[in-house]
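Each remark here refers to the structure printed beneath this line.
The values are calculated or read from the model by the stated rules, or taken from the named source; none is laboratory data. Values in this document were obtained by computation on a predicted structure and should not be read as measured data. Virtual Cβ from ideal backbone geometry, glycine too; neighbours counted across all protein chains shown.
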Amino acid sequence: MNLTLKIWRQKDSKTKGQMVDYKVTDISEHMSFLEMMDVLNEQLINAGEEPVAFDHDCREGICGMCSMYINGEAHGPDRGVTTCQLHMRMFKDGDTITIEPFRAKAFPVIKDLVVDRSSFDRIQHAGGYISVNTSGNTQDANATPISKHDADEAMDAATCIGCGACVATCKNSSAMLFVGAKVSQYALLPQGQVEATDRVKNMVAQMDLEGFGNCSNTGACEIECPKGISLENIARMNRELLKATFKS
Amino acid sequence: MSKFFTSSIGRKYAMALSALFLMFFLLQHFAINILSVFSPNAFNEASHFMGTFWVIQYVMQPILIFGVMYHFIMGFILEIKNRNARVVKYAKNNGSANSSWMSRNMIYSGLAILGFLVLHFIDFWIPEINTKYIQGDMSGLLVDGEGYRYYEELTHKFVNPLRVGAYVLAFVFLSLHLMHGFSSAFQSSGVSSMRKEKLQAFGKAYAIIIPLGFILIALFHHFNH
């Protein structure tokens, strides 16, 4: 298929960017979106032009590195996939595809389609961990009974790969689905109870400090999340913060 | 606790609580207004009670005014903050692919409701305060002293078709606001999804029935005057 791409080009974080049009030809419908971008970049390199910078790593939907806002949606029009898993069969011959970086004040553009998502790392550092003795006397995890329901819910929350699609999609650039998932995965397990009070308070405080917007419950994040993280995690985080506030 | 209420989640709770209070007030307001369709006397009695009972006037009314002001002012503050959280806008954004129009445009439906409230205050609340607390007439009686004035005042306001039109339009926006606002208030309050489906169905019914009821009351008085 032959496509027209409208891509955000930005030299660096300080330079103003703009949309630039490119043509790509003979794209197979079996290619992933990133492979199509590779074809474009080869074309640009052969023509002596600067290739389009974009984030990628595992290319199997696990690492959370690939981003891109494709035709007005985070990770493109397919559901439950990252950009690396988005196939070109989702598009038609002759289509014009708009490709932009994830946009949020807390995700500044580094170059072209690459954004700085270290704000997520700082939120994790603020409380997204548990204290476990790993000096060789670690207790067998199976020795602690956990209900199947709680284990499943915690696992569902833990599938968040921190890609930032929730922030990119949210009309308010809110990070509450990400933080809700990270708070939930520990809040549901006995191992997470030791730091439960400080965790939610510190992670929410860091989230606010990073300049993310406020959740207004549109539910767009849940729809666009490649891992299907549920809004229930935001409700749980809200309950956890209320509980933590009363406890302290 | 002060940190809680200045945090993003604390503000969500406060917005949700003020919304729940306003939705309860709306239900109570509707229950009294619907009396005007079936029994002018009952409407007059209920209105006089609400307008003169000290708990309503000096406790509930200030809470209501605070609730309304808080909901609007915080709504605007959050909207500004949210807009500032994305400096460069998307060239192409397909919002309808993942969210409802109502949820994305709460600020506009809210502004329409604010416009209606200004009209409503000029129509009813300011004359009421003037009669009772400036002129000192707490009797609730008509000028000629023949019965209560509340039903007369209500029906008189719905003579002008332009005002009725404005009321109908405002309640359409209120319905759109509640379509998202009702379930959103419970989600913000941390209500579990297990209870959410029934609440969402109840919320949709509330968002349609109550505004539609207000519209029908206005039309009833307009065509029966």
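Structure data summary
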{"item": "Test: residue in region B:27-49 that is outside any helix (DSSP H, G or I) and small (Gly, Ala, Ser)", "result": "yes"}
{"item": "Residue tally, condition more than 10 Å from chain A (Cβ to nearest Cβ) and over 22 Å from B:ALA185 (Cβ atoms), over region B:3-40", "result": "9"}
{"item": "Unique residue being modelled with pLDDT under 95, touching a helix residue (DSSP H, G or I) at 6+ places or on another chain (Cβ under 9 Å) and not assigned by TED's automatic domain parsing to the domain that holds A:PRO226 when the list is A:SER28, A:SER32, A:SER67", "result": "A:SER67"}
{"item": "Per-region count, region A:216-229, residues facing chain B (nearest Cβ under 7 Å) and under 16 Å from the mean Cα position of the chain (by Cα)", "result": "4"}
{"item": "Residue within region A:32-49 that is assigned to a loop (DSSP other than H, G, I, E, B) and touching a residue at least 40 places away in the same chain (Cβ under 8 Å) present", "result": "no"}
{"item": "All positions within region B:185-215 that are without any contact (Cβ under 8 Å) to a residue 60 or more places away in the chain, under 18 Å from B:PHE171 (Cα atoms) and aliphatic (A, V, I, L, M)", "result": "B:ALA205, B:ALA207, B:ILE208, B:ILE209, B:LEU212, B:ILE215"}
{"item": "Residue in region A:93-113 that is in a helix (DSSP H, G or I) and modelled with pLDDT of 95 or more present", "result": "no"}
{"item": "Verdict on A:ASP152 being surrounded by fewer than 19 Cβ atoms within 10 Å (Cβ to Cβ) and acidic (Asp, Glu)", "result": "yes"}
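Residue-wise test of (1) over 22 Å from A:ALA220 (Cβ atoms); (2) within 14 Å of chain A (Cβ to nearest Cβ); (3) in a helix (DSSP H, G or I); (4) out of contact with any His (no Cβ under 9 Å at 6 or more places or on another chain).
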{"residue": "B:ASN93", "(1), (2), (3), (4)": "no, yes, no, yes"}
{"residue": "B:SER103", "(1), (2), (3), (4)": "no, yes, yes, no"}
{"residue": "B:ILE107", "(1), (2), (3), (4)": "no, yes, yes, yes"}
{"residue": "B:LEU111", "(1), (2), (3), (4)": "no, no, yes, yes"}
{"residue": "B:PHE116", "(1), (2), (3), (4)": "yes, no, yes, yes"}
{"residue": "B:ILE122", "(1), (2), (3), (4)": "yes, no, yes, yes"}
{"residue": "B:GLU128", "(1), (2), (3), (4)": "yes, no, yes, yes"}
{"residue": "B:THR131", "(1), (2), (3), (4)": "yes, no, yes, yes"}
{"residue": "B:ASP137", "(1), (2), (3), (4)": "yes, no, no, yes"}
